[in-house]
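Here's the structure we're looking at; comments come further down.
The values are calculated or read from the model by the stated rules, or taken from the named source; none is laboratory data. Since the model is a prediction, treat every value here as computed from it, not as a measurement. Quick reminder, even Gly has a Cβ in these numbers, built from the backbone with ideal geometry, and neighbours come from all protein chains shown. These area figures cover heavy atoms from the full protein model, side chains too; ligands, DNA and RNA do not enter into them. Shrake-Rupley method; radii C 1.70, N 1.55, O 1.52, S 1.80 Å.
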Amino acid sequence: PFTLACLKGGVLETRQLVHWGLLALCLRCLAFRDLPLRALAYEALGLWVEALNDQGRDFRERAQLAALLQHVQNGITRPLQRLPNTVAVWAAEASLALARPGAPAFKVASRVLVKQPALQLGELPMAPLR
């Protein structure tokens with residue numbers, strides 16, 4: 001609910017919310033068994049997509065984070081799909097790595113997005129992020 005309020009109200013900068021780990025939290029919630037919580041995460045991710053595709057909210061990491069969300073969207077095959085825990089954790093960690101271009105994991109996460117058009121729900125990317 002906090003993330004939804006911040007994204008809908010535009011109270012805080014998108015970059016700030018990413019650095020606080022709220023995007024990672026939403027991605028992690030895609031693996032939750034609790035359907036209402038998972039539905040909130042999907043709603044928030046829709047708002048994240050809008051915010052990251054808004055050219056007016058430009059910041060250095062925006063394009064990579066938008067590519068990650070597109071990667072995740074491409075891997076989802078049905079509404080409110082529950083992701084495997086390991087895949088959701090990978091996506092969450094990738095969002096944290098992509099938010100810090102100077103981090104060693106930034107290059108690894110970026111390479112995964114270039115090599116795979118969609119999140120593979122049955123397997124993790126070969127390269128670890130940390």
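Observations on the structure shown:
- Tabulated pairs, the range 75-87, first on the phi > 0 side of the Ramachandran plot and touching a residue at least 24 places away in the same chain (Cβ under 8 Å), second open to solvent by 70 Å² or more (accessible area, probe 1.4 Å) and not in a loop (DSSP other than H, G, I, E, B), C-beta under 8 angstrom, 6+ apart or interchain: LEU80/LEU35
- Taking the range 1-65 and the helices (runs of 4 or more DSSP H) fully enclosed by it, the elements with 2 or more residues that are exposed (fewer than 13 other Cβ atoms within 10 Å of the Cβ) and out of contact with any Gly (no Cβ under 6 Å at 6 or more places or on another chain) are at 2-9, 35-53.
- Yes/no for ARG100 being of a type in the set (Lys, Arg) and either within 21 Å of HIS19 (Cα to Cα) or in contact with a Phe, Trp or Tyr (Cβ under 6 Å, 6 or more places away or on another chain) (or both): yes
- Tally, over the range 73-118, of residues that are closer than 17 Å to VAL49 by Cα, surrounded by 16 or more Cβ atoms within 10 Å (Cβ to Cβ) and modelled with pLDDT under 90: 1
- Qualifying positions in the range 92-110 - more than 23 Å from LEU30 (Cα to Cα) and of a type in the set (Lys, Arg): LYS107
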